[in-house]
Amino acid sequence: MQKKILALVLMSVFLTAAALQAAPEPKDPKKQTPWGLYVDSREAYEMMQEQGDKVLFVDVRDPIEIMFTGFTDVVDVNAPFKLANRNKWHPKKPVYAMELNPDFEKGIEAALKKKGLTKDAPIILMCRSGGTRGAPSAKKLWGKGYKQVYVVTDGFEGGKIKKGEKKNWRLKNGWKNAGLPWSYKLNKEKMYFPGRQP
């Protein structure tokens, strides 16, 4: 009986600690995932500092985007969820069309294997703003044996300011705005190259 009580107390402490470190679920259903696991950029950084050898941290942005907006070497690998197709124009926006990367899940699997991890390990996915590619990339992994997929809710660059002279600049929250380590220098060993797995 005492063992059961101790087990329940320990489980309660663990779940309470996990809840305290987790970012709230995004209100927008498009930014939610089946796992319901969310962290903000600071929490992702803390996870990597505390248990980095047991976690896979993935930047899911297009490598060209990373080249111009910055990179953090805290991530394990760049496995883009979508890639810009420079032969196709977006039908509604004045930009190149973004298309699903057919090697996305292969990149995740290869990165786990390289790090000596299985699909049971926590995986953290980070895009630019938090949900536009973060949640969809997580959903792409659903039903394929992955047990813990987290999304960084504020992303690498964060959200846009809605008012003032810097309106629409990405200065709200996010990895860069949190004072976490980043630079414009890319780590070639971690970057995505078509046909090359991590």
Checklist entry - Which members of the stretch 33-55 meet the condition of being open to solvent by 60 Å² or more (accessible area, probe 1.4 Å), under 20 Å from Gly179 (Cα atoms) and in contact (Cβ under 8 Å) with a residue 24 or more places away in the chain? => result Arg42, Tyr45, Glu46
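What about Met48, is it over 19 Å from Tyr192 (Cβ atoms) and either at pLDDT 95 or above or not in a loop (DSSP other than H, G, I, E, B) (or both)?
It is true that Met48 is over 19 Å from Tyr192 (Cβ atoms) and either at pLDDT 95 or above or not in a loop (DSSP other than H, G, I, E, B) (or both).
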Checklist entry - Is it fair to say Ala18 is open to solvent by less than 50 Å² (accessible area, probe 1.4 Å), modelled with pLDDT of 95 or more and small (Gly, Ala, Ser)? => result no
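Can you list the helices (runs of 4 or more DSSP H) found entirely within the stretch 58-152 that contain at least 1 residues being over 18 Å from Leu186 (Cβ atoms) and without any contact (Cβ under 8 Å) to a residue 60 or more places away in the chain?
Fully inside the stretch 58-152 and qualifying: 104-114, 134-141.
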Next on the checklist: From the list Lys162, Lys185, exactly one residue is at pLDDT 95 or above and either of a type in the set (Asp, Glu) or assigned to a loop (DSSP other than H, G, I, E, B) (or both). Which is it?
Outcome noted: Lys185
Next on the checklist: Suppose we keep only residues that are buried (at least 18 other Cβ atoms within 10 Å of the Cβ) and either of a type in the set (Lys, Arg) or within 27 Å of Asp28 (Cα to Cα) (or both) within the stretch 101-114. Which one would you say is farthest from the chain's Cα centre (by Cα)?
Outcome noted: Asn101
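The values are calculated or read from the model by the stated rules, or taken from the named source; none is laboratory data. If you're wondering where the values come from, they're calculated on a predicted model, not measured in any experiment. Every residue, glycine as well, gets a Cβ built from its backbone with ideal geometry; the counts of neighbours run over all protein chains shown. With ligands, DNA and RNA removed, areas are computed over all heavy atoms of the protein, side chains included. Shrake-Rupley method; radii C 1.70, N 1.55, O 1.52, S 1.80 Å.
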